[in-house]
Each structure stands twice: as C-alpha cells, then as structure tokens.
Ligand code: FE
C-alpha cells in the first residue's frame, strides 16, 4: 500500500474537492485491476462517457467518483478492511456520504451490484465484460438471484446506477483523451454546496 496519510485532517465541505483531487493526483497512476488504463484514466473516462451521453451533473460526478473506494485508506479512521480493494463499492459510498447526495452515493454503492444485476437480466451483457471484470464477478457473488434482482429494482436509483455501471464498463480504453480531474472541480463543488444547503 502506498500513499496512506491517516493523520491528515478529515475533509470538510470546503476541502473535499481538493481532497479528492489530491487523491487523483497522487494515486491516479495506479493500475486499474489488470485493465489497460490507470485508476484516474478509468474514472475520467467514465465521467467523459456520462457527459457524452448528456447525463445530469450528478451522474457525471458519480461516474467520476465510482471507484474512489479503492483509496479509502486516504480517508483516515476506517476499519482496516476498508484499505483493501474488496467492498470498494460500500467503502466509496461511505466516504462520499457526508458531502454528496444519495443519487451519487447510491450509484457508487451499487456499481458492483449493478454488474451482477445486468448479468442476471441483460442477455449479452456478460459477453462484453472485460476479462478482469469477469474474474471479479465470481468474487462478487456472480449474477444476481431472482430475489436479489427484485431487491435491486426496489432501489429508486437502480436505473441510474445501471447507467453509471455501463460507463464504468466502457471506461477502459487505452489512450482515450479526457478532461483532467480539475476540470470537474467546479461541478463537484456545486453539488457539495447544494447538498450542504439542503441539509441545513
Ligand atoms: Fe470502475
């Protein structure tokens, strides 16, 4: 493990965007689980695909941040298991929850479940998964059962979580040109500020 700085001050509304930018800056070059892209390239590609699809800002943010749970050691006082890649979906949602609205945190929390959901409900989806994604599918529980599908569909954000999942799957293109994280700073801060105001 590299770059953990658990003694750093916990992020606030004012610092969370810079905090996330710093993680992208220092850790973004790490490889994305055997894919041809780095972690930062992968997440920036997800955001770019969301923008190309004309998605709302919240979904662009969700695509941009969906794998932030791979870096939860950056967020300080969490359980030791959170520093590992397993359960990065739940870990990512947990670190974003104080700052971002449920549509974003649920897309992050459900992005692994959405893969299992699509494998159970969308014939042909499995065939276009990357090798690494097929491998992790088995570790993640394989395709959903009927009961799991019903539970997933009960979540009001399940459809947008599926959209984010598809950008996740497509964001694995070596050499694709994207914006930089800093290009999304304003969009993210707007969402954080709106969430803070709504919580007042
Ligand atoms: Fe991903």
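The values are calculated or read from the model by the stated rules, or taken from the named source; none is laboratory data. Because the structure is a prediction, the values reported are computed rather than measured. Note that each Cβ is placed from the backbone with ideal geometry, even for glycine, and that neighbours are counted across all protein chains shown.
So which helices (runs of 4 or more DSSP H) stay within the stretch 110-200 end to end and still have 3 or more residues that are at pLDDT below 95, surrounded by 15 or more Cβ atoms within 10 Å (Cβ to Cβ) and within 16 Å of the ligand (Cβ to nearest atom)? Before you say what the answer is, go through the steps one by one.
On the way: elements: 111-121, 131-139, 146-153, 158-170, 185-198.
The helices (runs of 4 or more DSSP H) meeting that bar are 131-139.
Residue pairs whose Cβ atoms lie under 7 Å apart, sitting 6 or more positions apart in sequence or on different chains, and linking a residue in the stretch 162-182 that is touching a residue at least 24 places away in the same chain (Cβ under 8 Å) and under 16 Å from residue 89 (Cβ atoms) to a partner that is in a loop (DSSP other than H, G, I, E, B) and within 9 Å of the ligand (Cβ to nearest atom), are 164/66; 168/66. Residues in the stretch 34-65 that are within 14 Å of the chain's Cα centre (by Cα), in contact (Cβ under 8 Å) with a residue 40 or more places away in the chain, under 24 Å from residue 75 (Cβ atoms) and within 12 Å of the ligand (Cβ to nearest atom): 40, 41, 42, 43, 44, 45, 46, 47, 62, 63, 64, 65.
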